[in-house]
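The next block holds one structure in the form of structure tokens; read it before the comments.
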Amino acid sequence: MPPATNSTADVSAWLTTDFIASFERDVDPTIWTPIPYEGGFHERGFFAIAVLTLTYCDAMAGLITGCASSDGTEATVRFIETEVAPNAGDRAVSTRYVARAAALLQMYRHGPAHQREPGLLDWTGTQVAWCLMRGGPVARHLRLTRRAPSYHLHVDVDLLNAHVLATFKAIRERARRDPNLARRIYEGAVEASSPQTPRCGPAGYVGLKLTAMLQNPDT
């Protein structure tokens, strides 16, 4: 459900109780605790934390522009560059968010969502491999290192999650003071909560399956 009205009070309250609270529940990194085994432990949550965190960035990118159906990838890349980067808390890391937002989203959101793991990013003949970590030093987050014959983009999913959460809270505080931002968030939330028509045509495979499903409901 969208905020009750487009007032700064209602929108900022909705961001607290609905959007941010949902993010903190769904993407709490402590959900994925290490699994102990003889001689050490296995870390968990690398892919899950990255995909869910960046998916929430998709959602917020649509909210602050007031258009939930905008070009998701470009809008989210711009969101990371302009909103997440300033909330990184470290100048070098902030600069890396701006420089590497496109690769971050392509590899660590789209990759696991469509092929289980980030995979290799190939761009004009140059490959970038993935490297995920948890609880590493801040200095390593979003570093792009050369390991012949490819590069590696290092991402600490706990830091990514923390920076995005700080970003959402900063946007909430701005919405308390900025009626125009509150109005756009409200409009984006209304659009996001409206019925969504799949992009597939009615004559395509998915369209035909949807039609057949609605013609044969359970009693």
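Readers should treat all values here as calculations from the given coordinates under stated rules, not as data from a laboratory. The structure displayed is predicted, hence computed values, not measured ones. Counting neighbours? That spans all protein chains shown, and the Cβs are built from the backbone with ideal geometry, glycine included.
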*Per the helix-only calculation at 222 nm, which mean residue ellipticity applies to the chain, given -39500 (n - 2.57) for every DSSP H run of n ≥ 4 and division by its residues, nearest 500 deg cm²/dmol?*
-15500 deg cm²/dmol
_Test of understanding: ordering Trp123, Trp32, Trp14 by Cβ neighbours within 10 Å, fewest first, what list do you get?_
Trp123, Trp32, Trp14
_Given a 10 angstrom Cα cut-off, can you work out which residue in Pro137, Pro195, Pro118 is the most mobile in a GNM of the chain?_
Pro195
_I need the per residue convex hull volume for the stretch 42-180, using only the alpha carbons, in cubic angstrom as a whole number._
114
*With the chain treated as a Gaussian network of Cα nodes joined by springs under 10 Å, which of Leu105, Leu54, Leu120 yields the largest mean-square fluctuation?*
Leu120
*asked:* At 7 Å along Cα-to-Cβ for each site, give me the label-to-label distance between Thr95 and Ser194 in nm.
replied: 4.3
*asked:* I'd like the trypsin sites (Lys or Arg not before Pro) in the stretch 45-126 restricted to DSSP loop residues with at most 11 other Cβ atoms within 10 Å, sorted by number.
replied: Arg116
_Assigned charges on the beta-carbon of Lys, Arg, Asp, Glu; the chain dipole about Cα centre (debye)_ = 540
_I need the calculated FRET efficiency for the pair Arg146 and Arg25, taking r as the beta carbon distance and R₀ as 35 Å, to the nearest 0.05._
0.35
